[in-house]
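Contents: one structure, followed by commentary.
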Amino acid sequence: MFKKREIIQNPAGAGNPDLTMMPSGQRRRLWRKFTANRLGVIGVVIIIGLVGVASLSDWLAPYSYKEQELSAMYLAPSAEHWMGTDEFGRDVLSRVIYGSRISVYVGVVSVGLSVILGLFIGSIAGYYGGWIDHALTTIADLTWSLPEILVALLLVAIIGAGVECVILAIGLTYWAQYARLIRGQILMLKNEVYVEATRSLGANDFTILFKHLLPNAIGPVVVAATIGVGQAIVLEATLGFLGLGAQPPLPSWGAMMSSGTAYLFISPWVIIFPGLAMMITVLGFNLFGDALVDVMDIKDTTTS
Amino acid sequence: MSSLVRVQNLSKYFPVTAGLLHRLIGTIKAVDDVTLNIDRGEILGVVGESGCGKSTLARLILRLIEPTSGSIFFNNQNICQLDKLQLRQLRRRMQMVFQDPYSALDPRYSTFRSLAEIYKIQKVDIDYQELKDRIAKLLLTVGLKPEHSNVYPHQLSGGQKQRVVIARALALTPEFVILDEPTAALDVSVQAQVILLLQQLRDKFNLTYLFISHDLALVDYFCNRAVVMYLGRVVEILPANKVSSTPRHPYTKALADSVFVADPAARKETVPIEGEVPSPFDLPNGCVFEARCPYARNVCRETAPTLDEVGDGEYVACYFPLINPS
Amino acid sequence: MPLLQVESLRVRFKMEEGYVEPLDGVSFEIEPGEVMGLVGETGSGKSVTAQAIMGLLPFINGEVTEGRIIFMGKDLLSFSEEQWQKYRGAKLSLISQNPMTSLDPVYRVGDQIVEGMLLHLNISRSEARQQAMDLMASLHIPNPAGVYYQYPHQLSGGLKQRIVIAMGLCAGPNLLIADEPTTALDVTVQAQIIALFKEAAIQRGIGLLLITHDLGVIAQICDKVAIMYAGTVVEFGDVVSIFNNPRHFYTKALLQCVPKLGMQKGILRAIPGNVPSVQTFPDGCRFHPRCSGVEPICRLQKPANIHLENGINVACVKYASHLKGSA
């Protein structure tokens, strides 16, 4: 580790006269860069917190999320119920805690689905160009303009409402942004000399695409996916708000906020706490994503 | 016939389109009717300025891009007719060293992985230990050390990177190596190292080189013969050491006269030639050099001169060469 | 009085992990009307030197820690940014490496020349326009009136470079610094541009500092040359003397590793080792790991800059016996 103010000079002395190599401290440097970004560290802490809460719900939640106690409806926050109770007397804190599971599940799976779809379609479009590119980009554009709510409604008709419905709705509409991202990266990288060099060694398209282009192109997609998880969680809440997502008694944050609107001014805690939980979660992912941009030195993360 | 590579009437035209319906508005003749031979064991230089087509020619010979017309023979086999499998096998025998060592290596691959990849791509049946030995040996051959196999490109200097690129080209012991400006991106002191290395390797492995460069002095020093190109056409082929002393084509002379020698006693008093290389888009008929040629006459404007043999392995495309064939 | 005096210049840059010192021990002089070449490989610090002379270091996290820069009798290191803005372009000008990026793509090239003039000269726009076209004509730009109204992308490489030179000369500076002005140009165009530089310098009686890695260019138009290696000037003096009788081991080795048109085969000699980067500069004499005449003291001590009788400066311990109160 170099002290600040110290001149960086030849760490190994005079150096091998024939063939010195540049010092590599790249991993260390990246780590230092990341930890220096305080907001990014906060983001990571939040994410770890979220995952922790989701996995340890059984131990953290003081009550069951579905146990109703009709005599204790709409109680304000108190010592027994830190976040109060909802319309069925269920403890809001426990429901918020268990709700994190749904958020994590939906966030990760839906983004995973859209990233895989997007990577596949986008890289083929970017690599082959021509009419394949035109066709796939048109499909991506059309998909992108589909409101996910409409898709969700359609899916409800087919497979019924629920978490899976939300995941599919998000996955089938949001892959387009990742496709566009990776397509742009591949368009830039496919003319790099090492691609041509590998081709001149006799490699086929598959090898070039998957072994050389994708690993180098994936940076911005990772960042977008991180922020995408936050996006998906908000979407789940939106669809849940409309009753299309997790069905009762599952404690999706969006559904909780939905059922609480009727009594917004009387018992606001039923909306405030799940809403706060969601805000903090999304903030965490966004901060982490922004820090990643800085650390990975990515120039372009625009999606549309 | 001792020609390892024969190029006959090779052309590569790029259509230029405009508008929504992609109307053809002209062509760029990147390489136009090029004919040349490369003898086994020879170092053939290709010189020219921007737009002359030398890099396109290299890629055509390696069939990285498809020609518009003409043929290329490697060991008397027409490589334009090979199918995918045969082409991949051909790649074992002819390889390329690229211009920019800074981007010729995948930045995420260690040296070892970059070199090992070739064996994988070419499906060479080889066990891991033998692979390690071969790569260690390869590194030594190009002047690197075994510890360089575990590092990444960003940890190597420009010269070291280029050595890895050369090692990669030699991994499957090819017969013919195309060197596309292999030292252009390197410092002068390192350039000399790489040139000497290339000479050693040529002698050791009986290689044949096609050496592309814009540096006339380097071609003079390193090559046996030189091909001078201008706007996609070959204007002269002559022994490399005659480029500065007895060039036949006016362009070759202008080129040689424009090179500054690192010797104050050899200062040039006048500018050899005015103007710049024109755009290759929609060239007129006639000699490509006519517009800048101080000796041009009417016939030069009407039809392009053919490349005629004027000596053993020497050719010139000019109606009024500076030295008349005897 | 010399036009420009650079003495024992030492520069450092602030990086994330600490400081790096790309220059340590740069000294040379340019007389009015002289063409001086600054030659070196990557990492030699030639561009940084130009930036230091132009007072541009603060903009890139750099600062001069030791040494002096005297221009026309004024101490440039004491200048405020306000004073600098009066001098830059007007008294000393810098032409950067790549003409493609020196020109703003959204303005006509003629207007870009005029912009420089209006900043420093007390003339009207129409007068400036006329002077710009005269300047373009003197730089052998065909049809200056037509070219004036073109945009950069419409011009060829050579023409763009001439426009950039015009921008450098437009306010009538006393010193023109050109950083690798012909690296991106074809050989035949380079010949034209280099001749143009010489002609422009002679016609206007200005000093020209030409930065390049190309020894041929130096031999062609320079009167004096400073050879730089790893942030130090290792040899400085008259061009003919240095090319015919190089004193520093690096200069000797450099001249032997450059291929010359018409040279014999087999005499090209390489310098062993790598050019060090700024983070791996060796201790002691920076060239010692690659030097054929290295002595034990070279590993420990940086050699002093020694003035020889014939006006050559050399930074090598081999000439210590000539020490006569050197810097």
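Every number here is computed from the coordinates shown, using simple stated rules; none is lab data. Model, not experiment: these values are computed from the prediction. Glycine gets a Cβ as well: all are built from the backbone with ideal geometry, and neighbour counts include every protein chain shown.
Checking the a/c ratio against 1.5 first, then a/b against b/c, what shape does the Cα gyration tensor give for the stretch C:103-249? Prolate, because a/c is 1.5 or more and a/b exceeds b/c. Beta bridges per DSSP, both residues in chain C: antiparallel share near 60 percent. Dividing the summed -39500 (n - 2.57) terms of all DSSP H runs of n ≥ 4 by the residue count of chain B sets its mean residue ellipticity at 222 nm at -8500 deg cm²/dmol. Legend: Rg and Dmax of the stretch A:120-184, from Cα coordinates, 13.4, 40 Å. Each 10 Å bin from zero holds the following percent of Cα-Cα pairs in the stretch B:153-269: 12, 39, 32, 15, 2.
When you filter the chymotrypsin sites (Phe, Trp or Tyr not before Pro) in the stretch A:29-97 for DSSP loop state and at most 15 other Cβ atoms inside 10 Å of their Cβ, you are left with A:82. Cα-based values for the stretch A:223-304, radius of gyration first and Dmax second, are 15.5, 49 Å.
Along its first, second and third principal axes, ordered by size, the stretch B:38-107 spans 32, 31, 29 Å in Cα coordinates. Note that the protein assembly as shown shows a convex hull volume over its alpha carbon atoms of 231 Å³ per residue. The modelled label-to-label distance between residue C:122 and residue B:309, using points 7 Å beyond Cα along the C-beta direction, is 7.6 nm. For the stretch B:48-104, trypsin sites (Lys or Arg not before Pro) are listed when DSSP marks them as loop and at most 10 other Cβ atoms sit within 10 Å of their Cβ; the list is empty. The ranking of C:10, C:162 from fewest to most other beta carbons within 10 Å of each one's beta carbon is C:10, C:162. Projecting the Cα positions of C:96, C:249, C:3 onto the charge dipole of chain C (unit charges on Cβ atoms of Lys, Arg, Asp and Glu, taken about the Cα centre) puts C:249 furthest along the positive direction.
Remark: for residue pairs A:33/A:211; C:260/C:318; B:268/C:86; C:74/C:224, the C-alpha separation exceeds 30 Å in B:268/C:86. For chain B, the convex hull drawn through the C-alpha positions has a volume of 167 cubic angstrom per residue.
For the stretch A:225-271, applying the loop criterion from DSSP together with a ceiling of 13 other beta carbons within 10 Å to the chymotrypsin sites (Phe, Trp or Tyr not before Pro) yields A:265. What the pair-distance distribution of chain C shows, using all Cα-Cα distances binned every 10 Å from zero, is 6, 25, 32, 24, 10, 3, 0 percent. Scanning chain A for trypsin sites (Lys or Arg not before Pro) in DSSP loops with at most 12 neighbouring Cβ atoms within 10 Å leaves A:6-298 as the longest stretch between them.
Our helix-only sum for chain A, with -39,500 (n - 2.57) per DSSP H run of n ≥ 4 divided by its residues, gives a mean residue ellipticity at 222 nm of -21500 deg cm²/dmol.
The ranking of B:148, B:214, B:249 from fewest to most other beta carbons within 10 Å of each one's beta carbon is B:214, B:148, B:249.
Under the classification rounded if a/c is under 1.5, otherwise prolate if a/b is larger than b/c and oblate if not, where does the stretch C:2-103 fall, given a ≥ b ≥ c as square roots of the Cα gyration tensor eigenvalues?
Rounded shape, in that the Cα axes give a/c under 1.5.
Residues C:287, A:206, ranked from the fewest to the most other C-beta atoms within 10 Å, line up as A:206, C:287.
Judged by a Cβ-Cβ distance under 4.7 Å, the unpaired cysteines of chain C are C:170, C:222, C:257, C:291, C:316.
With the helix formula -39500 (n - 2.57) applied to DSSP H stretches of n ≥ 4, chain C reaches a computed 222 nm mean residue ellipticity of -9000 deg cm²/dmol. Let me know the shape class of chain A, please: from the alpha-carbon gyration tensor, a ≥ b ≥ c as square roots of the eigenvalues, rounded when a/c is under 1.5, otherwise prolate if a/b is greater than b/c, or oblate. Oblate, because a/c is 1.5 or more while a/b does not exceed b/c. For the stretch B:113-252, lysine pairs separated by 8 or more sequence positions, or belonging to different chains, with Cα-Cα distances below 30 Å total 20. To the nearest ten degrees, helix C:157-169 and the longest principal axis of the Cα atoms of chain C are 90 degrees apart. Comparing Cα centroids, the stretch C:202-253 and the stretch A:197-232 end up 48 angstrom apart. Between the alpha-carbon centres of the stretch B:209-232 and the stretch A:105-146 there is a gap of 47 Å.
The spacing between the stretch C:98-154 and the stretch B:258-299, judged by their C-alpha centroids, is 27 Å.
Its Cα gyration tensor gives the stretch A:128-282 an equivalent ellipsoid; the semi-axes, largest first and in whole Å, are 42, 17, 11.
On the beta carbon distance between residue A:294 and residue B:64, with R0 = 51 Å, the FRET formula returns roughly 0.85.
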